[in-house]
1. Write out, first by first residue and then by second, each pair whose Cβ atoms fall under 8 Å of each other, whose residues are 6+ apart or on separate chains, and whose first residue, in region 103-129, is under 27 Å from K244 (Cα atoms) while the second is exposed (fewer than 13 other Cβ atoms within 10 Å of the Cβ) and not acidic (D, E).
2. Given (1) part of a loop (DSSP other than H, G, I, E, B); (2) within 21 Å of the chain's Cα centre (by Cα), where does N92 come up short, assuming only one miss?
3. Select from region 103-117 the residues that are closer than 23 Å to G177 by Cα and buried (at least 16 other Cβ atoms within 10 Å of the Cβ) and list them in ascending order.
4. Being of a type in the set (A, V, I, L, M, F, W, C) and touching a His at 6+ places or on another chain (Cβ under 8 Å) is the filter here, so list the residues in region 212-225 that pass it.
5. For region 67-91, what are the residues that are exposed (fewer than 13 other Cβ atoms within 10 Å of the Cβ) and closer than 17 Å to V19 by Cβ?
6. Check T43, T26, T54, T34 and return the single one that is on the phi < 0 side of the Ramachandran plot and in contact (Cβ under 8 Å) with a residue 60 or more places away in the chain.
7. Tell me whether region 178-194 contains one or more residues that are crowded, with 16+ Cβ neighbours inside 10 Å, touching a residue at least 60 places away in the same chain (Cβ under 8 Å), among the aromatic types (F, W, Y) and touching a strand residue (DSSP E or B) at 6+ places or on another chain (Cβ under 6 Å).
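The values are calculated or read from the model by the stated rules, or taken from the named source; none is laboratory data. Small disclaimer: the values here were computed from a predicted structure and weren't measured. Cβ sites come from the backbone with ideal geometry, for glycine too, and all protein chains shown count toward neighbours.
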Amino acid sequence: MGIKDTQHNSGLLEKVKIVKGDSFVTIEDTKNLTNQELMELITYLMGQSFIKNTKHVNFLVDSKVSKEIESLLIDYGFKMHDENITVHKALNGSNTTYGFSLKNLDIISTKEFKSVWEESMKGSLNAPSSLNIDEQMRSVEVELGPNYKKSCIIAYDKGNPIGVIMPHIEPGTLEEGRLFYFGIIPSERGKGKSKLLHQQALEILKSDFKATYYIGCTGHNNLPMLKTFQNNGCTVIERNKVFKRKN
């Protein structure tokens with residue numbers, strides 16, 4: 001590969017976001033590429049060793065992407081997994097009137113946290129993760145770094161666990177608040193607790209993590225979560241198709 005080619009591909013890489021976990025790589029923010037650039041990027045990345053040697057590869061493309069791009073991803077062994085909706089909310093002012101009691105990994109055991117996290121994933125309307133609970137836990141440690149325990153939180157109502165929130169600042173940014181996971185256990189759903197817990201999570205992002213805005217994401221079939229976003233003043237900014245490949 002010539003110098004010009006290398007520079008060209010480096011330029012393409014700078015336009016997208018590549019998240020590397022313990023057993024996965026996710027390529028996202030591809031919306032700023034032209035159709036031709038996206039095809040070049042896919043072809044280039046599929047030849048890279050960090051892609052070939054990773055167990056799970058995820059590629060996010062705009063939901064209106066061309067059939068040409070979809071065919072290319074399928075040719076490289078990807079399968080359409082889900083369609084995600086991304087939302088944004090500026091974090092200013094305070095609107096939390098009720099708070100559930102919260103405990104993070106500095107207080108509770110990893111075993112207890114994983115147990116409630118797993119329970120909150122049951123019957124989820126999002127497409128299932130390709131990682132098991134231990135791989136997901138490891139991904140949290142790798143992605144969020146040494147302070148990950150502060151982000152792994154169980155919410156309790158009257159002493160009983162009702163769900164999990166995982167607030168953090170998006171790595172590589174200073175003020176972008178995200179929830180690595182947000183979920184209510186099946187027995188506590190449909191009681192209006194999602195809206196309240198999500199409000200509380202946003203308040204934690206603002207006050208404890210110093211986030212100035214929130215970016216959230218869920219599958220297009222997860223109507224309860226989309227309603228929670230809407231109820232709490234979030235605005236839809238993107239719709240992406242998620243393609244996955246297992247090596």
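1. From region 103-129, the pairs are M121/P128; L125/L223.
2. Failed condition: (2).
3. N104, L105, F113, K114, V116, W117
4. Hit for region 212-225 is I215, nothing else.
5. Once the filter is applied, which keeps residues that are exposed (fewer than 13 other Cβ atoms within 10 Å of the Cβ) and closer than 17 Å to V19 by Cβ, region 67-91 yields nothing.
6. Criteria check complete, one pass: T54.
7. So far as region 178-194 goes, yes, one or more of its residues are crowded, with 16+ Cβ neighbours inside 10 Å, touching a residue at least 60 places away in the same chain (Cβ under 8 Å), among the aromatic types (F, W, Y) and touching a strand residue (DSSP E or B) at 6+ places or on another chain (Cβ under 6 Å).
Residues checked against (1) at pLDDT 95 or above; (2) out of contact with any Leu (no Cβ under 7 Å at 6 or more places or on another chain); (3) in a strand (DSSP E or B); (4) among the basic types (K, R):
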{"position": "V164", "(1), (2), (3), (4)": "yes, yes, yes, no"}
{"position": "G172", "(1), (2), (3), (4)": "no, yes, no, no"}
{"position": "R178", "(1), (2), (3), (4)": "yes, yes, yes, yes"}
{"position": "F182", "(1), (2), (3), (4)": "yes, yes, yes, no"}
{"position": "A201", "(1), (2), (3), (4)": "yes, no, no, no"}
{"position": "A211", "(1), (2), (3), (4)": "yes, no, no, no"}
